[in-house]
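Peer 1: Quick one: structure below, then a few questions.
The values are calculated or read from the model by the stated rules, or taken from the named source; none is laboratory data. From a predicted model like this one, the values you see are computed outputs, not experimental measurements. Cβ placement follows ideal geometry from the backbone for every residue including glycine, while neighbour counts extend to all protein chains displayed.
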Number of protein chains: 2
Amino acid sequence: MIFSSTATHALRAMASLAGGEPSEPVLGRELARRVGLPSHYLSKVLATLARSGLLTASRGAKGGYRLARRPDRIRLIEVVLPFEGQRARPGCLLRPDKPCRNSGACSAHAAWGDMKRTFTDFLEQTTVADIQGGDPGLLAKGPLGLRHPATGAHRGRSAAGRGSA
Amino acid sequence: MIFSSTATHALRAMASLAGGEPSEPVLGRELARRVGLPSHYLSKVLATLARSGLLTASRGAKGGYRLARRPDRIRLIEVVLPFEGQRARPGCLLRPDKPCRNSGACSAHAAWGDMKRTFTDFLEQTTVADIQGGDPGLLAKGPLGLRHPATGAHRGRSAAGRGSA
DNA sequence: GTGATTGTGGATATGCATATCCACAATGCG
DNA sequence: CGCATTGTGGATATGCATATCCACAATCAC
């Protein structure tokens, strides 16, 4: 699955948060329900995201979680990095600890370099707005399932024309 | 690092094995020395690789490990799959358990699809011959460090022309 | 056949990511 | 000010990947 489950939880939470109205904070347990995780556990993930400045958590009545910025201003790398750490910055294929500096350091570095570049590009260029709403299959519980066309979803991802995806 | 450490060990061992003479079997402990792992541990990894038909292990005097096929006939996916399992077949971004069937199932599926495709292509197209010899920095112990241009390294990787790799 | 050498498999520690829970602090409302 | 509500942090299980070791079986040289 490439990403750790914790990072995936964070992505799901951010995606769900991006799907709603920006002005209304979402309760922790409500978010936990959407993501499908115990709220006590998700709260830790959310705390990390808040500490990273990706969302703001307001206490008290009418409190809850809100995105700190517009969803299209939050890149996935920011969401993943606090959880994956250096794992989000792939190194050499045969020596993951080394940063794969010179071209001769690791064989097949050309193919692997393409791989790394695509991976990094994806995390750098894709924003939370692009994954907004999360998995419809999961959110389809209440009368939801709609996908807000607002908030400026999908405003270009770079690396546009490729093979046949 | 994307790949698990066990899978990386396997890749290193295969790369090291591909660097030598195909006719001469390599001792388990010699291979372990090159990879930098206790032989008792690497033996387990090698056993899995042998069971997968990627290398043959001959017992007795003059025994050791040999590649079962020419290095350029062994794709990296074959090496990684026994250790990574389904992790080598990435699914949906927000729902890793689901295979990301239809286009609407996961947002940002276009960008993620590119990512998955590149990842899969790398594993499918790159062969052990491409990573042959392993990390020179590690192998530079004896008079080694040479890189056999034979065996037909880099026989095309697809997804050729990209940005600036 | 005998003995040395080699790989194979199982049983077993260790460490880390993951997950769960509980008590505390902070905030907002009346 | 006091109470209810909310998030925060720490302490704590659990499971799995990783790693280590040891006894056995197979093979080859002599």
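This table checks each residue for (1) under 12 Å from A:ALA13 (Cβ atoms); (2) within 11 Å of DNA strand C (Cβ to nearest atom); (3) part of a helix (DSSP H, G or I).
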| residue | (1), (2), (3) |
| --- | --- |
| A:LEU42 | yes, yes, yes |
| A:LEU49 | yes, no, yes |
| A:ARG69 | no, no, no |
| A:VAL79 | yes, no, yes |
| A:GLY85 | no, yes, yes |
| A:CYS92 | no, no, no |
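Peer 1: Right, here's the next one. If you scan the range B:16-32, which residues turn out to be closer than 18 Å to B:LYS44 by Cβ and within 11 Å of DNA strand C (Cβ to nearest atom)?
Peer 2: B:VAL26, B:LEU27, B:GLY28, B:ARG29, B:GLU30, B:LEU31, B:ALA32
Peer 1: Return the pairs, sorted by first residue and then second, in which the second residue is of a type in the set (Phe, Trp, Tyr) and outside any helix (DSSP H, G or I), the first residue lies in the range B:1-15 and is free of Cβ contacts under 8 Å to residues at least 40 places away in the same chain and within 14 Å of DNA strand C (Cβ to nearest atom), the beta carbons are less than 6 Å apart, and the residues are 6+ apart or on different chains.
Peer 2: Every condition considered, no pair remains.
Peer 1: Shifting gears a bit: Can you pull out the residues in the range B:25-39 that are surrounded by fewer than 14 Cβ atoms within 10 Å (Cβ to Cβ) and free of Cβ contacts under 8 Å to residues at least 24 places away in the same chain?
Peer 2: Matches in the range B:25-39: B:PRO38 only.
Peer 1: Something else now. Residue by residue through the range B:51-63, note down the ones that are in contact with a helix residue (DSSP H, G or I) (Cβ under 7 Å, 6 or more places away or on another chain) and near DNA strand C (Cβ under 10 Å from one of its atoms).
Peer 2: B:LEU55, B:THR56, B:ALA57
Peer 1: Given the conditions (1) crowded, with 22+ Cβ neighbours inside 10 Å; (2) more than 13 Å from DNA strand D (Cβ to nearest atom), report the number of the one that A:TYR65 does not fulfil.
Peer 2: (2)
Peer 1: Given the structure, is A:TYR41 in contact with a strand residue (DSSP E or B) (Cβ under 8 Å, 6 or more places away or on another chain) and of a type in the set (Phe, Trp, Tyr)?
Peer 2: Judged against the criteria, A:TYR41 is not a match.
Conditions tested, residue by residue: (1) within 14 Å of chain A (Cβ to nearest Cβ); (2) away from DNA strand D (no atom under 13 Å from the Cβ); (3) surrounded by fewer than 15 Cβ atoms within 10 Å (Cβ to Cβ).
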residue	(1), (2), (3)
B:HIS9	yes, no, no
B:ARG12	yes, no, no
B:SER23	no, yes, yes
B:TYR41	no, no, yes
B:LYS44	no, no, yes
B:ARG75	yes, yes, no
B:GLU78	no, yes, no
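Peer 1: Kindly provide the set of residues from the range A:25-36 that are outside any helix (DSSP H, G or I) and within 13 Å of another protein chain (Cβ to nearest Cβ), ordered by number.
Peer 2: Of everything in the range A:25-36, just one residue is outside any helix (DSSP H, G or I) and within 13 Å of another protein chain (Cβ to nearest Cβ), namely A:GLY36.
Peer 1: Among the residues of the range B:9-19, is any farther than 19 Å from B:THR127 by Cα and of a type in the set (D, E, K, R)?
Peer 2: No; the residues of the range B:9-19 include none that is farther than 19 Å from B:THR127 by Cα and of a type in the set (D, E, K, R).
Peer 1: Among the residues of the range A:1-28 satisfying the criterion of being charged (D, E, K, R) and more than 11 Å from the chain's Cα centre (by Cα), which is modelled with the lowest pLDDT?
Peer 2: So, considering only residues that are charged (D, E, K, R) and more than 11 Å from the chain's Cα centre (by Cα), the one modelled with the lowest pLDDT is A:GLU21.
Peer 1: All but one of (1) more than 13 Å from DNA strand D (Cβ to nearest atom); (2) free of Cβ contacts under 8 Å to residues at least 40 places away in the same chain; (3) not aliphatic (A, V, I, L, M) hold for B:ARG59; which doesn't?
Peer 2: Only one criterion in (1) more than 13 Å from DNA strand D (Cβ to nearest atom); (2) free of Cβ contacts under 8 Å to residues at least 40 places away in the same chain; (3) not aliphatic (A, V, I, L, M) is unmet by B:ARG59, namely (1).
Peer 1: Give the residue, chosen from B:ARG33, B:ARG70, B:ARG59, B:ARG95, that is under 16 Å from the mean Cα position of the chain (by Cα) and of a type in the set (D, E, K, R).
Peer 2: Selected residue: B:ARG70, the only one of B:ARG33, B:ARG70, B:ARG59, B:ARG95 that is under 16 Å from the mean Cα position of the chain (by Cα) and of a type in the set (D, E, K, R).
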